[in-house]
1. Free of Cβ contacts under 8 Å to residues at least 40 places away in the same chain, more than 15 Å from ligand 1 (Cβ to nearest atom) and open to solvent by 10 Å² or more (accessible area, probe 1.4 Å) - does that describe any residue in segment B:60-69?
2. Here are some residues: A:VAL165, A:VAL188. Which one is farther than 16 Å from A:THR83 by Cβ and not hydroxyl-bearing (Ser, Thr, Tyr)?
3. Is there a residue being more than 16 Å from ligand 2 (Cβ to nearest atom), touching a residue at least 60 places away in the same chain (Cβ under 8 Å), part of a loop (DSSP other than H, G, I, E, B) and more than 26 Å from B:LEU229 (Cβ to Cβ) anywhere in segment B:83-92?
4. Collect the residues in segment B:199-210 that are away from ligand 2 (no atom under 14 Å from the Cβ) and either closer than 20 Å to B:GLU9 by Cβ or outside any helix (DSSP H, G or I) (or both), keeping them in residue-number order.
5. Look through A:LEU14, A:LEU61 and report the one residue that is touching a Gly at 6+ places or on another chain (Cβ under 9 Å) and surrounded by 14 or more Cβ atoms within 10 Å (Cβ to Cβ).
6. Tell me which residues, restricted to segment B:82-101, are modelled with pLDDT of 95 or more, open to solvent by 10 Å² or more (accessible area, probe 1.4 Å) and at the interface with chain A (Cβ under 9 Å from one of its Cβ atoms).
Amino acid sequence: MSFWEFVSDRWSRLLSESLLHVSAVVQCTILAAIVGVTVGIAVYRSPFGSAVATALTSAILTIPSFALLGLLIPVLGLGAPPTVAALVLYGLLPIVRNTIVGLAGVDGAVTDAARGIGMNRLGVLTRIELRLAWPAILAGMRVATQMLMGIAAIAAYARGPGLGVEIFAGLTRAGSANATNQAIAGTVGIVVLALILDGIFVLIGRYTTSRGLRGQ
Amino acid sequence: MASEIQLTEVTKRYGRRPPAVDNFSITIPAGQIVVFVGPSGCGKTTTMRMINRLIEPTSGLITIGGEDTSKLDPDQLRRKIGYAIQQAGLFPHMTVAQNVGVVPGLLGWDRGKVADRVEEMLDLVGLDPAEFRDRFPRQLSGGQQQRVGVARALAADPPVLLMDEPFGAVDPITRGNLQDELMRLQAELHKTIVFVTHDFDEAVKLGDRIAVLGDQSRILQYDTPEAVLANPADDTVAGFVGAGASLKQLTLRRVRDVQLSQAAVTVSTSDEPADIRRSLQEAGASFALMLDTRRRPVAWVHVREPRMRRPIRDMVSRESTLQDALEAILTDGGNAVVTGARGEYVGLVDIDTVMASVRELRENA
Ligand SMILES: Nc1ncnc2c1ncn2[C@@H]1O[C@H](COP(=O)(O)OP(=O)(O)O)[C@@H](O)[C@H]1O
Ligand SMILES: [Mg+2]
């Protein structure tokens, strides 16, 4: 069976795994963004806090994903919970770092003016600082998404959902019929989906960033 | 509508160092421009920011219109105090209209009223609303950004305006224009304005009264510009007034105070060079002032080369000082061109007029 015959033969299954894969990554990115932006807001005013938050989230990233999943399984069991936990943890670094960089990069004259004309702290944060940091935060989410697309494949090891299932099955059955096709189908699927998501991020960026901030 | 501002024995300390502002007392009369002028680091900004509580005083009392500011909610207080700063601090993600409408929005005005007010404010600071309303700050020049900054500060019609070196970051010619505009606005609005600068000429030009500050915001002299120039309180102030005090007195005289002369010949941008030459020869003059269709000065033209336009680089208004006029004369040679509110030609100031004023001021001093 050729590769294309294999793909069309298993099309509906590959499609549902793709959907699960993307949906897991997107949901985990959103969760990581909520946690990461909150952490960023909490620490960006303090250079020490910023350094600690960045160091901690980088440390997470140095743990091999295989090992992290392995360590989470005894605690959270198999399936979705360890997958979600691992993906959210890995997604934190780029989002926390970009949130801190984005917020700290807001021109002091702008926030001073905002306070000076009578905006309260929450107003300055939500109407000024986060709006100005948004392109950086979005770029962090974009990097996180790309990273998580690959890492999510490993989740199959913890019986997680997604295209990793195909890759793992293909690799464990190496040598038998269609094993290579199966592994390649999973891998190519992930690459294609990652490119599509990246394109979507470009569009989101275009529609949610003020024209006043673009082209600078 | 304006309010008197009073600071009584106000001190600000940062940590255990000597106070940044030490026991500062001043009364800023309602409806006047008071300029805090002094060297960098002397505490001008700190003093000013205590008025709207961006900095909380360590001790002392500050009242606006008799009301103790420490008893008010700081955010509410600031919405009633206009605030304009050096880099304008415009919100880059908002349009000009949104920037100007922020404070009325915070005060809960309805949309229609805010939109009307934005138009009115842009007009007031000399920006055509149709052209500028939907632009973003990055699409404006430095001078235009400052105008928007002033419009934003004035949008909710606050009785008090705080300005911290608002024209510090623009080129000298634009700065002169912005100063003139502020004088014009103030003649209309009569706000109580606290203006901070390290530029003594700017202080003399704008201030109804000047507070010359030394270290820790110590008041070295608080008086009218005329009095500070004529009788500096001590050597430090005299040093600050600097050399050429009689020349600086030119900043006390306005273009509107002197007799304007008129160009011998004015021509239009649509006139033929040959016609221009004929008019000049008939009048026996060598230069003609060229005006555009809206009577705005464009260039000087010489009788021998009527095709060549020499652009006018620096113009003055009736509110400009004679010092500005002198600068324009030195920049362009010959005469300073005076324009009205819409940029239309009104007359000329020549070097003899300026010299006569210098002589007169020296005799009176
Ligand atoms: N947040 C701060 N912490 C410590 N010292 C400060 C702070 N802000 C200002 N200062 C000090 O207070 C003094 C006055 O500063 P400032 O009011 O900004 O002066 P100016 O506006 O006249 O240049 C300076 O010596 C400055 O170093
Ligand atoms: Mg200052």
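1. Yes, some residue in segment B:60-69 is free of Cβ contacts under 8 Å to residues at least 40 places away in the same chain, more than 15 Å from ligand 1 (Cβ to nearest atom) and open to solvent by 10 Å² or more (accessible area, probe 1.4 Å).
2. Exactly one of A:VAL165, A:VAL188 is farther than 16 Å from A:THR83 by Cβ and not hydroxyl-bearing (Ser, Thr, Tyr), namely A:VAL188.
3. The answer is yes, given that some residue of segment B:83-92 is more than 16 Å from ligand 2 (Cβ to nearest atom), touching a residue at least 60 places away in the same chain (Cβ under 8 Å), part of a loop (DSSP other than H, G, I, E, B) and more than 26 Å from B:LEU229 (Cβ to Cβ).
4. Answer for segment B:199-210, where residues must be away from ligand 2 (no atom under 14 Å from the Cβ) and either closer than 20 Å to B:GLU9 by Cβ or outside any helix (DSSP H, G or I) (or both): B:GLY207, B:ASP208, B:ARG209, B:ILE210.
5. A:LEU14
6. Of everything in segment B:82-101, those that are modelled with pLDDT of 95 or more, open to solvent by 10 Å² or more (accessible area, probe 1.4 Å) and at the interface with chain A (Cβ under 9 Å from one of its Cβ atoms) turn out to be B:LEU90, B:PRO92, B:HIS93, B:MET94, B:THR95.
One line per residue, one yes/no per condition, for (1) in contact with a His (Cβ under 6 Å, 6 or more places away or on another chain); (2) farther than 18 Å from A:SER65 by Cα; (3) away from chain B (no Cβ under 14 Å):
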position: A:ILE100; (1), (2), (3): no, yes, yes
position: A:ALA114; (1), (2), (3): no, yes, no
position: A:ILE117; (1), (2), (3): no, yes, no
position: A:LEU122; (1), (2), (3): no, yes, no
position: A:TRP134; (1), (2), (3): no, yes, no
position: A:GLY164; (1), (2), (3): no, no, yes
position: A:PHE168; (1), (2), (3): no, no, yes
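Let's see how each residue does on (1) among the hydroxyl-bearing types (Ser, Thr, Tyr); (2) at pLDDT below 90:
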position: A:PHE6; (1), (2): no, yes
position: A:THR29; (1), (2): yes, no
position: A:ALA51; (1), (2): no, no
position: A:LEU76; (1), (2): no, yes
position: A:ALA85; (1), (2): no, no
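The values are calculated or read from the model by the stated rules, or taken from the named source; none is laboratory data. Bear in mind the structure is a predicted one, so any value in this text is a computation, not a measurement. Because the Cβ atoms are built from the backbone with ideal geometry, glycine has one as well, and the counts that use them run over all protein chains shown. Ligands, DNA and RNA are stripped out before the accessible areas are found, and what is left, the full protein with its side chains, is counted by its heavy atoms. Shrake-Rupley method; radii C 1.70, N 1.55, O 1.52, S 1.80 Å.
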